Amino acid sequence: TLLGEVVFLGGRLSNLDYVAFALLVIGSIVLTISHTGSGKRSYSAIIKAVFGATLFAASFVITKYVFDHTTFINGFFWMRLGGILVAIGLFFLHDVRQGIKDFFTKNSKLVQSGYFATQALNGGGFVMQSYAISLASVSLVNALQGSQYLFILIFVAIAAKFKPGLLGEKITVAILVEKLAAVFIIIAGIAALAF
């Protein structure tokens, strides 16, 4: 995203912004390191993840380009219209229609409510993220996404009190120190953005 912003949007960050960017990315990487103990690496999965990240980066850069050339509401409407048209097109596929029918017939009302609540929160987060992109550097907004792992860690740690094993990885003192270090790195990155 940073490369796309510099090359295609002519964006330039201040030296402190580059420091903040680096801290946010490093903190995010450290926070998301998994300690499941399998030790296996799937290079196919890594290639797919990098390809997916590249597509997301291109999407963020294009989004910023649109917001730089129109109002937030206008840009957001036209970009989401494309997504709506694709979603409507998917309804013509039998497997998609069957999957929707199965969801409503095989899941309890509680699961359905949880799903829709999650989608509402997701939608609200997406709108806020898009608005942030319209106001600021797309690469910094993207780097700030790493802070979501901080909140996930906090929520999962709270939930794990009620359901042990929810984290899905062993927790040792060393791992806890690693996660806390990542948290402080992310906080330092956010603080650097404030200046």
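The values are calculated or read from the model by the stated rules, or taken from the named source; none is laboratory data. Predicted model, so just to flag it, every value in this text is computed and none were measured. Note that we place each Cβ from the backbone using ideal geometry, even for glycine, and neighbour counts take in every protein chain shown. All accessible areas refer to the heavy atoms of the entire protein, side chains included, with ligands and DNA or RNA removed. Shrake-Rupley method; radii C 1.70, N 1.55, O 1.52, S 1.80 Å.
Between VAL177 and THR32, the modelled label-to-label distance comes to 2.5 nm, taking each label 7 Å out from Cα in the direction of the beta carbon. The length gained on full extension between GLN145 and SER14, counted as 0.36 nm times the residue separation minus their Cα-Cα distance, comes to 45.2 nm. Peptides 154-160, 74-80, ordered by how many other C-beta atoms sit within 10 Å of their residues on average, highest first, read 74-80, 154-160.
State in Å² the accessible area per residue of the chain; use a 1.4 Å probe, count heavy atoms of protein chains only, and round to the nearest integer.
Heavy-atom SASA per residue in the chain reads 69 Å².
Taking every C-alpha pair closer than 8 Å and separated by at least 6 residues, the mean separation divided by the residue count of the chain gives a relative contact order of 54 percent. Expressed as a fraction of 2.2 N^0.38 Å, the value expected for a compact globular protein of N residues, the C-alpha radius of gyration of segment 1-112 is 1.52.
Under the membrane-span-like helix rule (DSSP H runs whose alpha carbons stretch at least 20 Å along the helix axis, mean Kyte-Doolittle hydropathy -0.5 or higher), the chain yields 15-32, 43-69, 72-90, 109-135, 147-162, 173-194. If R0 is taken as 45 Å, the Cβ-Cβ distance between VAL6 and THR105 corresponds to a FRET efficiency of 0.35. Pop out the carbon and sulfur fraction of the accessible area of the chain as a percent, whole number, probe 1.4 Å. Roughly 73 percent, rounded to a whole number. Every Cα-Cα pair of the chain was included, and the share exceeding 20 Å stands at 69 percent.
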